[in-house]
Structure formats: C-alpha cells, structure tokens
Amino acid sequence: MKSENSGISSKIAFIGGDSRMLAAAGALAAEENAECAVYGFEKYKTDSENFTRAQTPEDAVSGACAVVLPLPASKDGLRVFAPYAEKDVYLVSVLSLLNEDQLLLGGRTDIRINEVHKKTFDYFGREELRIMNAVPTAEGAIAIAMRELDITLHGARTAVLGFGRVGKALALRLRALGAKVCVCARSRSDLALADSLGMESADIRELCAALEGADCVFNTVPERILTQKELASVKRSAPLIELASAPGCADKAEAERAGVNIIPAPALPGKCAPVTAGRIIKSAICAILKEEGVL
C-alpha cells in the first residue's frame with residue numbers, strides 16, 4: 001500500500017489531540033518518509049513543521065490509508081479530543097469520512113467505534129507503549145515530589161503503592177536518587193522482586209506500617225485501597241501523589257477529613273514530556289502500520 005512515486009509512504013491523517021500527536025506526526029514524516037496531514041491544531045503554532053495542516057477533516061482523510069485519533073480518542077464519547085481545534089470535531093463525522101479499507105488508529109478507543117469501523121486499532125493497548133510511557137510518568141511524579149517536599153528525595157522514606165509498569169519504573173528511579181523505597185504490592189513475586197532490588201516490601205493489604213514512616217507516597221493502583229484506617233497512618237506533611245486513573249486510591253472527602261494532601265497527577269507523559277510521549281505513540285503507530293502492510 002505504498003505510494004509509487006518518490007518512495008513516499010502512504011498518507012497518514014492525524015485528527016485532533018495535543019502536542020504529542022504533532023510530535024508523532026513529525027517523527028513519522030521524518031523517520032518513515034510518510035506524508036502526514038494534521039487537522040484540529042488551529043490554535044497551536046510551531047516554528048518548524050514537516051507535516052501538512054489540512055483545512056478540513058475531509059482534506060486530511062482524503063487519500064489517507066490510515067487515520068490516527070489522539071490519546072484519548074475522546075473524553076466524552078462524542079467529540080474527538082482536540083484541545084487546539086477552533087471548533088468541535090465529532091467522532092461520528094470522522095467515522096463517516098472513512099472507507100472500509102482505511103485503517104483507524106486511536107488511543108483508548110470506545111468499543112462502539114470498533115463496531116462502526118472494523119479496521120480499528122487501539123495503539124494504547126500495545127504493551128510496548130505502556131512500558132515506555134511509564135518512564136515519563138515516573139519522571140513526572142518525581143518532579144512533583146521534589147516540588148512538594150521540603151527535604152531531598154535522597155534519604156527520604158517513600159512508599160510506592162503497586163508494582164506494575166509505573167511502580168517499577170518509579171521505584172527504581174527513586175532508589176537511584178538515594179530514597180529509601182518501600183514497595184507495597186499484592187503479588188508475592190512482586191514483593192520478592194522488590195526485595196531482590198534492595199528495596200523494602202510490604203503486603204498492600206497491610207499498609208499502615210509502610211505509610212506511617214513515609215515522607216512521600218506514590219499510588220499507582222486504580223482502586224480504593226486506602227480506608228480511613230490507612231489514611232490516618234499517613235503523615236500530614238507527606239504528599240500523596242495519585243498516578244492511577246479513577247477511582248484512585250482514596251475517597252477525596254475521607255482524605256480531606258484525615259488531613260491527607262492528595263495530589264492528582266493524571267496523564268503525566270503528555271504534560272511533562274510531550275515530545276518523548278509523542279515519539280512513543282509514533283513507535284506504536286508504526287508497529288501497527290507495518291503489521292498491516294501500510295509502511
């Protein structure tokens with residue numbers, strides 16, 4: 001499905017998103033020799049661009065072998081996430097422009113989109129993207145901790161709740177900075193891994209002791225794991241940096257009554273390192289396009 005002229009790969013359309021998507025489009029054009037058209041960035045100007053700004057969604061999608069939606073594809077199930085667009089871009093309108101042969105790629109795509117367009121791929125579901133996304137998330141969390149604390153992370157006692165992709169990336173970087181790290185997890189293998197890496201470990205079902213001495217707490221578990229009992233164990237001076245998606249580790253009202261300072265920190269890659277995050281998205285997009293024979 002490659003173009004016959006000049007060795008240029010097939011056209012790829014990017015509809016909506018934040019600066020991560022522009023970084024992804026730019027990297028795709030520069031590194032894969034692809035023709036990239038973007039729409040929905042009227043309010044975002046850059047000094048150097050190697051992609052084409054389409055005037056309408058129709059112009060962007062026309063002739064494209066693949067259409068890329070942002071991460072997330074939509075926040076309300078109706079409109080494409082497009083914070084830099086001058087007007088709303090509706091998912092149904094974009095879907096109506098696609099033919100059955102065009103690929104549709106998006107981040108956290110709604111199952112209803114898959115039902116409407118059969119060639120839909122969710123690049124956020126790719127494991128390599130999630131692993132790499134943990135790096136800017138961990139660095140962003142550490143930046144928040146440095147801002148909030150009046151002590152150095154070196155020598156500070158930290159508790160990392162959960163030891164998945166983000167938990168591992170974060171705990172390793174905290175330890176490298178000289179922090180005392182206690183990993184709280186359910187899995188015996190995760191606890192053993194933390195021990196083998198020279199960290200303390202605690203069963204996440206028995207959190208109080210780990211929380212009592214912590215100068216900073218990082219949560220990566222998207223579940224309500226902190227009840228009033230656990231919240232009462234958190235030092236009033238210790239920020240609790242919430243990295244997990246809703247519902248988060250604690251009820252907001254209960255945390256306020258306990259005097260715990262919860263700092264919401266969602267979607268850090270796009271906020272802290274949008275260019276790196278965009279290149280991570282580009283790699284996931286490329287993998288799909290190559291698997292489908294587009295690149």
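Put simply, of VAL68, VAL80 the only residue that is modelled with pLDDT of 95 or more, farther than 20 Å from LEU295 by Cβ, surrounded by 14 or more Cβ atoms within 10 Å (Cβ to Cβ) and in the same structural domain as ALA24 (by TED's automatic domain parsing) is VAL80.
Scan the range 136-145 and give yes if some residue there is closer than 23 Å to ILE280 by Cβ and of a type in the set (Asp, Glu), otherwise no. Yes - at least one qualifying residue is present in the range 136-145.
Here the helices (runs of 4 or more DSSP H) wholly within the range 86-188 that include at least 2 residues being surrounded by fewer than 18 Cβ atoms within 10 Å (Cβ to Cβ) and in contact with a helix residue (DSSP H, G or I) (Cβ under 7 Å, 6 or more places away or on another chain) are 91-97, 127-148. Among the conditions (1) outside any helix (DSSP H, G or I); (2) over 14 Å from the mean Cα position of the chain (by Cα); (3) within 21 Å of PRO136 (Cβ to Cβ), SER245 misses just one, which is (2). Do we have any residue at all in the range 226-235 that's out of contact with any Cys (no Cβ under 7 Å at 6 or more places or on another chain) and closer than 30 Å to GLY17 by Cβ? No.
Screening the range 48-66 for residues that are β-branched (Val, Ile, Thr) and without any contact (Cβ under 8 Å) to a residue 40 or more places away in the chain and picking the one that is nearest to TYR84 (Cα to Cα) gives THR56. One residue alone among LEU149, LEU129 is touching a residue at least 12 places away in the same chain (Cβ under 8 Å) and either β-branched (Val, Ile, Thr) or within 24 Å of ILE281 (Cα to Cα) (or both), and that residue is LEU129.
Could you go through the range 41-57 and let me know if any residue there is out of contact with any helix residue (DSSP H, G or I) (no Cβ under 7 Å at 6 or more places or on another chain) and surrounded by 22 or more Cβ atoms within 10 Å (Cβ to Cβ). No: zero hits. If you scan the range 21-47, which residues turn out to be part of a helix (DSSP H, G or I) and over 17 Å from ALA82 (Cα atoms)? Passing the criteria: GLY26, ALA27, LEU28, ALA29, ALA30, GLU31, GLU32. Of the residues in the range 276-287, not one is of a type in the set (A, V, I, L, M), touching a strand residue (DSSP E or B) at 6+ places or on another chain (Cβ under 7 Å), surrounded by 16 or more Cβ atoms within 10 Å (Cβ to Cβ) and not assigned by TED's automatic domain parsing to the domain that holds ALA66. Checking each residue in the range 56-75 for being in a loop (DSSP other than H, G, I, E, B), out of contact with any strand residue (DSSP E or B) (no Cβ under 8 Å at 6 or more places or on another chain) and farther than 20 Å from ARG20 by Cα picks out only SER62.
The residue pairs whose first member lies in the range 188-214 and is over 18 Å from GLY259 (Cα atoms), whose second member is among the β-branched types (Val, Ile, Thr) and outside any helix (DSSP H, G or I), and whose beta carbons are closer than 6 Å, counting only pairs six or more residues apart or on different chains, are ALA194/VAL183; MET199/VAL181; MET199/VAL183; SER201/VAL183. When ILE263, ILE225 are checked against the criterion of being part of a strand (DSSP E or B) and either farther than 30 Å from CYS36 by Cβ or of a type in the set (Ser, Thr, Tyr) (or both), a single residue qualifies: ILE263.
The values are calculated or read from the model by the stated rules, or taken from the named source; none is laboratory data. Everything numeric here is computed off the predicted structure, so don't read it as measured data. We place every Cβ from the backbone using ideal geometry, glycine too, and count neighbours over all the protein chains shown.
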